[in-house]
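Visitor: My questions all concern the structure below.
Here, each number is a calculation from the coordinates, and none is a lab measurement. Quantities reported herein were computed from a predicted structural model and do not represent experimental measurements. Positions of Cβ are generated from backbone atoms using ideal geometry, with glycine treated the same way; all protein chains shown enter the neighbour counts.
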């Protein structure tokens, strides 16, 4: 184990309440707080823990996004990544393009492991990790809640609908992480200062030979249908009666 | 003619109801012919079940020993080999489909429509983003293959009554050896499956301990309900993650959802907004869950729940 690549995405902060633009052209993003996708933070934390356990492992944080994505990569460096690469793009890329871009980086970096969050909380696509594994022709272990490295393989426990599943994958491999894998560390002020000196390279899709394809045209964006507020009942007996009457219990 | 291939989900014994929901979704596509593909070590039994889903034209069995466990790296190249004859390839938005379908899409060189919730035309669909806080309408290129996962909470299961032809296919596809199944630990109980249950009782942080969740299990057993939990309750260790309902857990659509001691964070509401009836029990009358509940009761859950159970009788 020599190198781990962690793919992170700049997204609207978890705590921001999203509003749809009245003309249906998208969601309002002006002046909204941006952060590292929470799942990607967990992915980075896991890479750092492996580094701390194994030693002598380089952790490279990579991202695709607008110039300001450097802020999120600086956060990654402050958490403990050794260096960062931004593939600057003013257009939002679709998951397959993101996977192709990360593959281009992987071919340069030759990581033993690539970590990603299981999904980004903006488009909720849940595709990039699986796609990267597919075109890299390497194993994928999605929704990881436990990762053990042993020699040339990893044993990964996955969160699936029925409970937990364990698979073994040969390295190099792609691992996408779920919520309960770990709790990401807090960044301390000295680390932020130190992060400013760490290398952050900026490149472009063109430089990597990637063409951002549009597979899905978004025609309109709407707010979801709202549920109507129902009635308040005063006690259990009234609740029971109401549910009984509707044949629900 | 649109030809939809649905990748059926099963555990070797029974077909997951998510499959029949994918059929309903595919039926909404105009001029459509629907085929279900089943991968497994021996799919004879599940193929008979899949063939009985109304609206299905054909069931294709792909049996080989390597297919005993649903590993995406093993299944994906076989799905790609089958996909040649179809315009659309659908899988359910379950952990099985979400793992597999993007790998299929990438091998086919296309993006995927994730969590398809409504069909507008053969290549135009609606799907949620931002935890369901916005719904987008997307259009894909009709010249390419369309790969999608189907948000199962948005569709009713197609009824039984079908008589599809079952055909076995052997695909000469080389499979990778780099991914191996080790084992599974299911939190399985005698209770109904949370994803498909008609009744769900769900608990939040207000339960205050794993031990206190017992009162929910007891109520659920009286109702014949599945038990769910909010992310807060799962994070606190009161309930295992497979019980989590919400943006990062399961998206469900039961007939009745009883939220107990759940405040109703937007990420949780994402998971339940397709429930037919929502009942909320919370001691905080200002809790956001009451904004979406059909029936709300402000009260102490530790009194309300046993009382409700008593009224339900034996």
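Visitor: Return the distance in nm (one decimal) between the two label points of a simple spin-label model at residue B:31 and residue B:141, each offset 7 Å from Cα along Cα→Cβ.
Guide: Placing both labels 7 Å beyond Cα along the Cβ direction yields 2.1 nm.
Visitor: Please express the Cα-Cα pair-distance distribution P(r) of region B:12-86 as a list of whole percents, one per 10 Å bin, running from 0 to the bin with the greatest distance.
Guide: Spelled out bin by bin, region B:12-86 gives 18, 50, 29, 2 percent.
Visitor: How many angstrom separate the Cα center of region B:93-167 from the Cα center of region A:135-198?
Guide: 27 Å
Visitor: At a Förster distance of 45 Å, what's the computed FRET efficiency of residue A:170 paired with residue B:198, Cβ-Cβ distance as r, to 0.05?
Guide: Values: r = 43 Å, r/R0 = 0.96.
Efficiency computed from Cβ-Cβ geometry: 0.55.
Visitor: Counting alpha carbon pairs within less than 8 Å and at least 6 residues apart, what relative contact order, in whole percent, applies to chain B?
Guide: Values: 703 pairs, mean separation 45.6, N = 314.
Over chain B, the number comes to 15 percent.
Visitor: Using the scaling law 2.2 N^0.38 Å as the reference, what is the normalised Cα Rg of chain B? Could you put the intermediate results ahead of the total?
Guide: Working: Rg = 20.7 Å, N = 314, 2.2 N^0.38 = 19.6 Å.
The reported ratio for this selection is 1.06.
Visitor: On a 0 to 90° scale, report how tilted helix B:214-223 is relative to the longest principal axis of chain B, with both axes built from alpha carbons and the result rounded to the nearest 10.
Guide: Value to nearest ten degrees: 70.
Visitor: If I model a spin label at residue B:11 and residue B:68 as a point 7 Å from the Cα along the Cα→Cβ vector, what separation in nanometres do I get?
Guide: Distance between the two pseudo-spin positions: 1.7 nm.
Visitor: Once all Cα-Cα distances of the protein assembly as shown are split into 20 Å bins that start at 0, what whole-number percent is in each one?
Guide: Histogram of Cα-Cα distances, whole percents per bin: 21, 55, 24, 1.
Visitor: Set the Förster distance to 25 Å, then compute FRET efficiency between residue B:173 and residue B:85 from the Cβ-Cβ distance, nearest 0.05. Please report the intermediate quantities before stating the final value.
Guide: Details: r = 15 Å, r/R0 = 0.59.
Working from the Cβ atoms, E equals 0.95.
Visitor: A further question on this structure: For region A:1-83, just the Cα set please: Rg and Dmax, both in angstrom.
Guide: 15.3, 53
Visitor: If you count, for each residue, the other Cβ atoms within 10 Å and average over each peptide, how do A:97-104, B:296-303, A:152-159, A:126-133 line up from highest to lowest?
Guide: On the way: A:97-104: 24.5, B:296-303: 18.2, A:152-159: 20.5, A:126-133: 29.2.
Highest mean packing first, the order is A:126-133, A:97-104, A:152-159, B:296-303.
Visitor: Take B:90, A:115 and order them by how many other Cβ atoms sit within 10 Å, fewest up front. Walk me through the intermediate numbers first.
Guide: On the way: B:90 27, A:115 30.
Ranked by crowding around the Cβ, least crowded first: B:90, A:115.
Visitor: Suppose R0 equals 56 Å. What FRET efficiency, 1/(1 + (r/R0)^6) with r the Cβ-Cβ distance, do residue A:91 and residue B:156 give to the nearest 0.05? Spell out each step's value before the answer.
Guide: Working: r = 38 Å, r/R0 = 0.68.
E between residue A:91 and residue B:156, to the nearest 0.05, is 0.90.
Visitor: Could you work out which residue, out of B:265, B:232, B:177, moves most in a Gaussian network model of chain B, that is, has the largest mean-square fluctuation with Cα springs under 10 Å?
Guide: B:177
Visitor: What does the convex hull of the Cα atoms of region B:233-292 come to per residue, in Å³, rounded to a whole number?
Guide: Details: hull volume 4.7 nm³, N = 60.
In region B:233-292, the Cα convex hull volume per residue is 79 Å³.
Visitor: Using only the alpha-carbon atoms, how far is helix B:301-312 inclined from the longest principal axis of chain B? Give it as 0 to 90 degrees, nearest 10.
Guide: Its long axis makes an angle of about 70 degrees.
Visitor: Right, next: Can you give me the P(r) profile for region B:90-186? Cα pairs, bins 5 angstrom wide beginning at 0, each as a whole percent.
Guide: Using 5 Å bins, I get a P(r) of 2, 10, 15, 18, 19, 15, 11, 7, 1 for region B:90-186.
Visitor: Can you compute the modelled spin-label distance between residue A:54 and residue A:232, with each label point 7 Å from Cα toward Cβ, in nm?
Guide: Placing both labels 7 Å along Cα→Cβ, they lie 5.7 nm apart.
Visitor: Considering only DSSP beta bridges with both partners in the protein assembly as shown, what is the antiparallel share in %, to the nearest 5? All intermediate terms of the calculation are to be shown ahead of the outcome.
Guide: Details: 42 of 121 bridges.
In the protein assembly as shown, DSSP labels about 35 percent of beta bridges as antiparallel.
Visitor: Further, regarding this structure: Let me make sure I get this right: for region B:215-256, a, b and c are the square roots of the gyration tensor eigenvalues over alpha carbons, sorted descending. Under 1.5 in a/c it's rounded, otherwise prolate if a/b > b/c, else oblate. Which is it? Write down the numbers at each step before the final one.
Guide: Working: a/c = 3.00, a/b = 1.30, b/c = 2.31.
Oblate, because a/c is 1.5 or more while a/b does not exceed b/c.
Visitor: Computed on alpha carbon atoms, what radius of gyration and Dmax characterise chain A, expressed in Å?
Guide: Both quantities, over Cα of chain A: 21.1, 69 Å.
Visitor: Evaluate peptide B:143-154: per residue, the Cβ atoms of other protein chains within 10 Å of its Cβ; return the mean as an integer. If you can, show how the numbers build up before the last one.
Guide: Details: counts 0, 1, 0, 2, 2, 0, 3, 0, 0, 0, 0, 0.
Average neighbour count from other chains, rounded to a whole number: 1.
Visitor: On to the next question. Which log10 I(q)/I(0) values, to two decimals, does region A:151-249 give at q = 0.16, 0.19 Å⁻¹ under the Debye formula with one point per Cα?
Guide: Log10 I(q)/I(0), no solvent term: -1.12, -1.10.
Visitor: With each run of n ≥ 4 DSSP H residues scored as -39500 (n - 2.57), what mean residue ellipticity at 222 nm is computed for chain B after dividing by its residue count and rounding to the nearest 500 deg cm²/dmol?
Guide: Numbers: 9 runs with 80 residues, N = 314.
So the calculated ellipticity at 222 nm is -7000 deg cm²/dmol.
Visitor: Follow-up. What is the mean number of Cβ atoms from other protein chains located within 10 Å of the Cβ atom of each residue in peptide A:24-33, rounded to a whole number?
Guide: Details: counts 3, 0, 3, 5, 0, 0, 0, 0, 0, 0.
If you average over the peptide's residues, the count of other-chain Cβ atoms is 1.
Visitor: Starting from the Kirkwood Rh over alpha-carbon pairs, what translational D in µm² s⁻¹ does region B:197-314 have by Stokes-Einstein at 37 °C and 0.692 mPa s? Present the calculation step by step, with values, prior to reporting the outcome.
Guide: Details: Rh = 13.6 Å.
Estimated diffusion coefficient is 241 µm²/s.
Visitor: Provide the gained length on full extension for the span residue B:311 to residue B:210, in nm with one decimal, where the gain is 0.36 nm per separating residue minus the Cα-Cα distance.
Guide: Working: separation 101, 0.36 × 101 = 36.36 nm, distance 2.45 nm.
My answer for the length gained is 33.9 nm.
Visitor: Over region B:1-67, what is the mean sequence separation of C-alpha contacts under 8 Å (at least six apart), divided by residue count, expressed as relative contact order in percent? Could you put the intermediate results ahead of the total?
Guide: On the way: 122 pairs, mean separation 23.7, N = 67.
Reported as a whole number, the value is 35 percent.
Visitor: Hey, what did region B:205-292 get for relative contact order, percent, Cα under 8 Å, at least 6 apart? Intermediate results must be reported in sequence, preceding the final value.
Guide: Numbers: 132 pairs, mean separation 21.0, N = 88.
Averaging sequence separation for qualifying contacts and normalising by length gives 24 percent for region B:205-292.
Visitor: Given the DSSP H assignment, sum -39500 (n - 2.57) over each helix run of at least 4 residues in chain A and divide by its residue total; what's the result at 222 nm in deg cm²/dmol, nearest 500? Each step should come with its number before you reach the end.
Guide: Working: 6 runs with 68 residues, N = 249.
Calculated at 222 nm, the ellipticity per residue is -8500 deg cm²/dmol.
Visitor: In degrees from 0 to 90, rounded to the nearest 10, what is the angle of the helix A:70-79 Cα long axis to the longest principal axis of chain A?
Guide: 80 degrees
Visitor: Would you calculate the volume per residue, in Å³, of the smallest convex hull containing every Cα atom of region B:2-168?
Guide: Values: hull volume 16.5 nm³, N = 167.
Convex hull volume per residue, Cα atoms: 99 Å³.
Visitor: What average count of beta carbons from other chains do you get within 10 Å of the Cβ of residues in A:224-235? Intermediate values should be presented prior to the final figure.
Guide: Values: counts 11, 2, 3, 10, 3, 6, 11, 4, 8, 7, 3, 5.
Taking the mean over all residues of the peptide, I get 6.
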